[in-house]
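Everything on this sheet refers to the single structure shown next.
Nothing in this text is a laboratory measurement; each read-out follows from the coordinates by a stated rule. Only a predicted model underlies this, so the values are computations on that prediction, with no experimental measurement involved. In this analysis, Cβ positions are derived from the backbone assuming ideal geometry, glycine residues included, and neighbour counts consider all displayed protein chains.
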Amino acid sequence: MKNLLFLAGAFLCAALLLGGCEKTPAVPEPALELNISNIGATSFTVGITSTDPELLYFIGITTRESYDKLGDPVAAAEGFVQMAEDVVEDWGKADGVYVHNGSKTIEAEDFWTIMPKRDYAVLLFGVGPEGEVTTDPVCEFVTTTAVSPSENVLTVSVAEETGVVKVSATNDDPYFLDCIEADRLTDVPEERLAEHIIGIYGGNIESCIEQGSVERDFSRILEEDCDYCAVAFGYVGGYATTEVVLVKFHSAGGELVPQDCTFEFKVENITTNGASVTVTPSNPETSYFWQVYNSNLVNSYLEGAGLGQLMADGLAIIAEAFSEEYGFEITPEAAAGMVSVTGEDSYVYTDWDPDTEYYVVAVGLDDKGRQTTDVQLSEPFRTLPLSSGPDSPMDCTIKVNGLTDEGLSVTVTPADKEMTYVGMVGEADFYALYESDDEYLTDDVAMWSEMAAAEGLGLAEIFDMFGLFLQGDQTFIFSSELDTINPGTLYLAYTYGLSEEGELTTGMQKVFFTVDDNGDAHEAEAPAEM
């Protein structure tokens with residue numbers, strides 16, 4: 001038994017000794033190696049060493065911040081593949097852009113936008129024909145340097161008449177060049193000018209980058225008769241590399257061109273609080289601005305600063321109102337372009353004061369708000385006065401249109417568009433029994449009041465129920481259910497002001513009429529006796 005144990009122990013010892021003498025397998029060299037060199041502000045060199053010339057691989061660069069969010073190299077590699085799926089046509093073939101093979105050197109700026117003073121992650125990994133990751137990803141981190149000042153000396157000159165800008169540069173370092181409206185730079189401190197411009201342009205600044213001496217024609221983008229600055233400064237990756245060179249100039253053109261134009265004014269449908277106004281210029285191509293002003297205001301300018309100043313002040317007020325509405329400053333010149341019109345123009349006003357004299361005022365304006373014609377006035381006109389109360393007839397016109405299937409059609413056009421009123425029809429023979437309109441109206445209102453009370457309604461409510469309580473220009477139907485309109489009988493259509501509370505606000509206005517067998521209405525004389 002001891003011999004067996006000895007032999008077993010010897011065998012185990014030999015096995016252990018023999019096993020301990022075996023060589024550890026060599027770890028294979030990585031198929032891909034990554035080397036970063038020549039680190040600058042906007043580029044660096046990526047060296048790839050591949051021990052397998054057939055191995056396809058992908059190289060990607062992202063910010064360190066984006067890389068850290070993915071968590072590890074494998075997740076980052078899978079993220080790169082996913083992002084590249086739409087642009088890689090064949091993962092199984094090297095295209096020299098996304099998929100590579102063999103050892104090579106790549107300049108980062110040729111494929112990626114590299115910014116100064118940024119942390120980047122460079123990731124290298126093998127890919128299979130379906131875009132699968134086939135090797136352990138290799139990752140290196142790199143921090144780009146700050147932008148170095150450029151020794152490029154820029155000299156800028158401007159030909160104002162042609163809008164041509166010339167720049168003389170002493171080397172080929174990149175620089176920004178553009179013409180900018182002067183008022184956009186007015187309040188910017190000189191030391192922050194480049195930073196301000198870079199912020200304004202954002203990603204569009206790349207279209208304004210030049211190299212070497214150039215001559216550029218800006219005439220197509222310059223507005224006439226405006227103040228501009230030709231601006232140039234060295235630029236790399238979002239940073240200025242030289243001092244700003246700024247040349248102020250005034251663009252050509254834009255001289256004031258007087259217009260041969262007169263204005264015709266038409267004021268119609270005058271009411272207590274408005275009218276319809278039409279302005280017709282003799283030259284339909286002339287741009288102009290027109291307003292309606294109280295005659296007291298017009299006369300004060302005629303005696304003082306003049307009508308030209310009246311229109312200038314009017315534009316300034318409009319510009320201020322627009323600025324408040326839109327939340328940013330709008331100049332009178334800009335407002336002129338917003339309110340100027342060409343050709344015939346009309347507007348219906350409803351916000352004037354009663355019994356007040358007004359003028360329509362017009363003047364030609366160019367696109368800079370400069371007056372191109374004399375200021376011209378219409379004849380003065382006056383809005384209608386408000387009714388003086390129940391003793392005064394309602395100020396309106398009444399037209400009886402004739403019979404319809406529903407009843408008698410009557411159109412009322414009141415002077416005061418805001419006033420509420422009643423439209424009514426009655427027999428002239430009954431009207432003739434009264435001594436006056438006031439007596440007739442008093443009895444009529446009393447009758448309707450009794451009807452309203454019986455229905456538990458207010459006076460205005462019962463008229464409204466029959467479509468007879470009106471406001472503004474209206475056509476009402478006097479229903480055949482209220483009374484039958486017979487051919488040959490003399491009737492009157494009448495109106496009177498009535499508030500919503502049922503109080504009379506004007507006296508009665510009326511027109512007499514008859515209808516023929518066809519239902520057509522014809523105006524008629526009042527009955528002979530009252």
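Under a Cβ-Cβ cut-off of 15 Å, what is the net charge of the residues other than Ser300 that fall near it, where Lys and Arg count +1 and Asp and Glu count -1? Local net charge: -3. Distance between the pseudo-spin-label points of Leu297 and Asp227 (7 Å out from Cα toward the beta carbon): 3.0 nm. Taking the number of Cβ atoms within 10 Å of each Cβ as an exposure proxy, the fewest-first ranking of Cys261, Cys208 is Cys208, Cys261.
Specify the inter-centroid distance of region 274-302 and region 33-50, based on alpha-carbon positions, in whole Å. After rounding, the separation between the Cα centres reads 73 Å. Rounded to the nearest 20 debye, the dipole magnitude of region 213-309 is 260 debye, with +1 charges on Lys and Arg beta carbons, -1 on Asp and Glu beta carbons, and the Cα centre as origin. In straight-distance terms, cross-link reach from Lys166 covers every one of the aspartates and glutamates whose alpha-carbon lies under 15 Å from its own, apart from those fewer than eight places away in the same chain; here that gives Asp178, Glu210, Glu215, Asp217.
Over all directions, the projected convex hull of the C-alpha atoms in region 32-143 averages 6.2 nm² in area.
What's the magnitude of the charge dipole for region 37-195 around its Cα centre, counting Lys and Arg as +1 and Asp and Glu as -1 at the beta-carbon? Answer in Debye, nearest 20. Each step should come with its number before you reach the end.
Details: 9 positive and 31 negative charges, 79 e Å.
In debye, rounded to 20, region 37-195 gives about 380.
First measure r as the distance between the Cβ atoms of Trp352 and Ile39, then evaluate 1/(1 + (r/R0)^6) with R0 = 56 Å and state the FRET efficiency to the nearest 0.05. It comes to 0.15. The distance between label points at Ala334 and Phe430 comes to 6.5 nm (points 7 Å beyond Cα on the Cα→Cβ vector).
At most 15 other Cβ atoms within 10 Å and a DSSP loop assignment: could you name the GluC sites (Glu not before Pro) in region 154-236 that fit? Working shown, then result.
Values: sites: Glu160, Glu161, Glu181, Glu190, Glu191, Glu195, Glu206, Glu210, Glu215, Glu223, Glu224; in loops: Glu160, Glu161, Glu223, Glu224.
In loop regions of region 154-236 (DSSP not H, G, I, E or B), the sparsely surrounded GluC sites (Glu not before Pro) are Glu160, Glu161, Glu223, Glu224.
Rounded if a/c is under 1.5, else prolate if a/b is larger than b/c, else oblate: which is region 90-219, with a ≥ b ≥ c the root eigenvalues of its Cα gyration tensor? Prolate is the answer for region 90-219, as a/c is 1.5 or above and a/b outweighs b/c.
Highest mean first, what order results for 414-423, 141-150, 279-288 on Cβ atoms within 10 Å?
Working: 414-423: 21.8, 141-150: 15.0, 279-288: 17.1.
Result, highest mean Cβ count within 10 Å first: 414-423, 279-288, 141-150.
Loop-resident trypsin sites (Lys or Arg not before Pro) (DSSP state other than H, G, I, E or B) in region 191-237 with no more than 14 further Cβ atoms inside 10 Å of their Cβ: Arg220. This structure gives percent of Cα pairs over 36 Å apart, computed directly, and of [x] 67; [y] 34; [z] 46 that value is listed as [x].
Each of Val127, Asn38, Gly92 was scored by the projection of its Cα onto the charge dipole of region 32-143, and the greatest displacement toward the positive side belongs to Asn38; charges sit on the C-beta of Lys, Arg, Asp and Glu.
Magnitude of the Cβ-charge dipole of the chain, K/R +1 and D/E -1, about the Cα centre, nearest 20 debye?
Working: 21 positive and 95 negative charges, 803 e Å.
That gives the chain a dipole magnitude of about 3860 debye.
A straight Cα-to-Cα reach below 21 Å connects Lys399 with the lysines Lys417, Lys510, residues fewer than 8 places away in its own chain not being considered.
Under the criterion of Cα pairs below 8 Å and six or more residues apart, the relative contact order for the chain equals 9 percent. No solvent, one uniform scatterer per C-alpha: report log10 I(q)/I(0) for region 396-523 via the Debye equation at q = 0.16, 0.19, 0.21 1/Å, two decimals. Taking Cα atoms of region 396-523 as identical point scatterers yields -0.77, -1.11, -1.34.
Just to verify a number: FRET efficiency for Glu65 and Thr162, C-beta to C-beta distance, R0 = 41 Å, to 0.05? Calculated value: 0.30.
Classify region 263-382 as rounded, prolate or oblate, taking a ≥ b ≥ c as the square roots of the eigenvalues of its Cα gyration tensor: rounded when a/c is under 1.5, otherwise prolate if a/b is larger than b/c and oblate if not. The shape class here is rounded.
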